[in-house]
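Before any comments, here is the structure.
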Amino acid sequence: MIELFKHIVELDFDWLFANYGTAIYILLFMIIFIETGVVAMPFLPGDSLLFTAGLFCKSGHLDIFLLLPLLFSAAVIGDNSNYWIGRKIGLTVFTYKVRGRQLVKKDYLEKTELFFIKNGTKAIILARFIPLVRTFAPFAAGVGKMNYKTFFTYDVVGGFIWVFSLTVAGYLLGEINWIRENIDLVCLGIILLSVLPLITKLVSNQFRKK
């Protein structure tokens, strides 16, 4: 299990194909579902995984017409599960500990709530493209008892844009040799672009404090 997790984080698709074959579709579904649906798992490689999956669709290893609706479903089901976890369990999740450490850090929720205040309901869509916030946004919406119909509408739109834009981008750019040969650098660039808004916000907050 540890070895599988290691190869997932490293986006080692060659290893995943060799060991799981066509079951990789189920594996990719579970990764996207867990990243968006389990509040304690915000560190899985969502953005870069979607882009890399698109590349492998272009190479013929995966079927993009099967993958797109599958991952879209995983993103929406995951977010909705997270919403109801927040709605039913609420802030008690922060009392759970593993080996004396908090399972979920309250700081993440506070940052997400500020993100909601600044961006309103459209935060559900924007959050899809920001690691950590992506995982905590539906949870925060549930804790705050956001109207479910409103949440679901924005979540479906956000999930569609997130999954289709990154996966199709990987598929279209898969024809470029440099991208295929430097996938590690490309994924690193996607991660950096994803966390840039958070870094900018943290830096600006530090300057304000000073």
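With r defined as the distance between the Cβ atoms of T92 and L173 and R0 fixed at 35 Å, what FRET efficiency is calculated, to the nearest 0.05?
My answer for the efficiency is 0.20.
Could you line up K111, K149 from fewest to most neighbouring Cβ atoms inside 10 Å?
Sorted ascending by nearby Cβ count, the order is K149, K111.
Read-outs throughout are calculated quantities, based only on the coordinates presented, and are distinct from any laboratory measurement. What you are looking at is a predicted structure, and each value in this text was computed from that prediction instead of being measured. Here the Cβ is made from the backbone with ideal geometry for all residues, glycine too, and neighbour counts use every protein chain on show.
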